[in-house]
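The values are calculated or read from the model by the stated rules, or taken from the named source; none is laboratory data. Note that the structure is predicted; figures quoted are calculated from it, not measured. Neighbour counts run over all protein chains shown; Cβ positions are idealised from the backbone, glycine included. All accessible areas refer to the heavy atoms of the entire protein, side chains included, with ligands and DNA or RNA removed. Shrake-Rupley method; radii C 1.70, N 1.55, O 1.52, S 1.80 Å.
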Amino acid sequence: MHHLEPIKFSDDKVFEYFICDYLSAKLGVNFTTFGRNGQKQDGIDGLHYKPDDDQHYNVVQCKNYNEKILKYDEIVEHLERVHKSNLKINHFYFVTASNKDVNVQRKFQENYVALTEKYGFSIDLLYYSDIFREVITSYHAIAKKYLSFYGDNIASDSDAVKKKERDLYHLYNIAYNTEASFINMPYYIELFKSTFNSQYSSFSSAITTLWELVPDGSVFYDDKLNEYLSMFIDYNCMIDEIIIPNYCTEFSLSSNRYYYEYIGSERERHEIQSRLSRRVENYSYTFKRFLAYLKENYLEFDITEYYYVDPFKEGAHNPV
C-alpha cells in the first residue's frame, strides 16, 4: 500500500478540512477550520474547537503547495502572525503539501528550541505525503471521505499498525530509562566531552540493553530507526575507546559534577581531545536528525516529554 502516490488537493479549503479531520482523529480532539476565505486569520487555518484546561489552543496552518516549494521564512512569518494574535497557544502545527526539502527541514530542526522559546508554544512541521500514507493505513474513514479515487485500494492494514505500536513500545522503553527528554539529549551528548552526566549514561545503557536483547540488529520494524540505533551504539563505543584509556573523572564540589581529567600522553593531548570533540559533535548532529525523523513519523511520541521513571523511587514501575 505504501507505493501509492499522494493525491493532490486542487481546493485549498478541502485540504484544510482534510487536515483538521486528520488531527482530530490523531490527537483525539475536535479541530475545526478557522474563518473563511478573504478574512484575516492571523496565520491560522484551523484550531482545537475548545481550549485546553489552561484556556490555550492548539492551532494549525495549512499550505496546499502542489508545485511551490515551502521556504523556511514562510514558517517564521506565520509564527510571527500567530504570536501577535490574541489567542493563547499550546501547540502550532504547520502542514504543507510541498515536497520535502532537506534544507528547510534541517534549518527548522536547528532552530526548533530557539523558536519554541521565542514564541512560547511547541511547533510541528508536518508534510502531507506522510499524513496521506498514515491516513490510508490507519484512518480509513477519513480516507474514504476524501480519497474516493483510492476507495478500492484502501483496506485494513492491521499488521502495519501492530508494527508501529511495537516500535513505539521500544521508543517509550528507551525514554522511560533515560534521565532526559529526547529534545535535550544533543546538549547532554556534547556536554559529555568534558563532563560525565547521567543523562548521556542512562541513554547509552538503555539502547545498549535493547540492542543486546536483539542481536541481529532488528530491534525496530522501521529500518530507519534501526539505522539510527546502530549509529548511536557505534558512537558510544568510539567515545568510550577515547575516554577510558585517556581520562579519569574528578568530582567538583563547587559545581557538584564529575569532570574529565586528561591522563594520557601529553604529546597526544591535542589530537585526542580533537578526536573526542569530533566524535561528540557528530553524535549530537546525528541525534538531531533522529529527532527530526521522530517528529515527522512518530507524532505519538513527544520528544519534549520527560518520560524517565526512577527505579529507586518507591512504587515506581516502567509503564511499558
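Okay, here's what the table says:
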item: Crossing angle, helix 12-27 versus the chain [Cα axis fit, 0-90 degrees, rounded to tens]; result: 50
item: For the range 239-274 versus the range 286-305, the gap between their alpha-carbon centres in whole angstrom; result: 31
item: Whole-percent carbon and sulfur share, accessible surface of the chain, 1.4 Å; result: 47
item: Charge-dipole axis of the chain as Lys and Arg at +1 and Asp and Glu at -1 on Cβ define it, positive-most pick from F251, T195, F121; result: F121
item: Long pairs among K144/K164; K63/K162; K107/K164; K71/K164; K145/K224; K8/K63, criterion Cα-Cα beyond 24 Å; result: K63/K162; K107/K164; K71/K164; K145/K224
item: Within the range 231-255: backbone nitrogen closer than 12 Å to the R275 label point (7 Å, Cα to C-beta); result: 238-247
item: Using alpha-carbon coordinates, inclination of helix 198-213 to the longest axis of the chain, degrees; result: 80
item: Cα gyration tensor shape of the range 76-195, rounded if a/c is under 1.5, else prolate or oblate by comparing a/b with b/c; result: oblate
item: Shape call, the range 263-314: gyration tensor on alpha carbons, a/c limit 1.5; result: oblate
item: Cα centre as origin, Lys/Arg/Asp/Glu Cβ charges: the range 200-320 dipole, Debye; result: 400
item: Cleavage-rule hits (trypsin sites (Lys or Arg not before Pro)) in the range 230-320: DSSP loop, at most 10 neighbouring Cβ within 10 angstrom; result: K313
item: Extension gain, S194 back to Y221 (0.36 nm per residue minus Cα-Cα distance, nm); result: 6.2 nm
item: 0 to 90° range, to nearest 10: angle between helix 72-83 axis and the chain longest Cα axis; result: 70
item: Estimated dipole of the chain in Debye, rounded to 20 [Cβ of Lys and Arg +1, of Asp and Glu -1, Cα centre]; result: 760
item: Ellipticity estimate at 222 nm from DSSP helix runs (n ≥ 4, -39,500 (n - 2.57)) divided over the chain, nearest 500; result: -16000 deg cm²/dmol
item: Qualifying chymotrypsin sites (Phe, Trp or Tyr not before Pro) for the range 278-312 [loop in DSSP, other Cβ within 10 Å: at most 14]; result: Y306, F312
item: Anchor K88: lysines whose Cα lies under 17 Å away (excluding residues fewer than 8 positions away in-chain); result: K50, K118
item: Label-point gap, in nm, between D234 and C248 - each point 7 angstrom along Cα→Cβ; result: 3.4
item: Listed residue (M185, F290, F132) projecting farthest to the positive dipole end of the chain, Cβ model; result: F132
item: Reported label for calculated mean projected area of the Cα convex hull in nm² given (1) 15.9; (2) 32.2; (3) 20.6; result: (3)
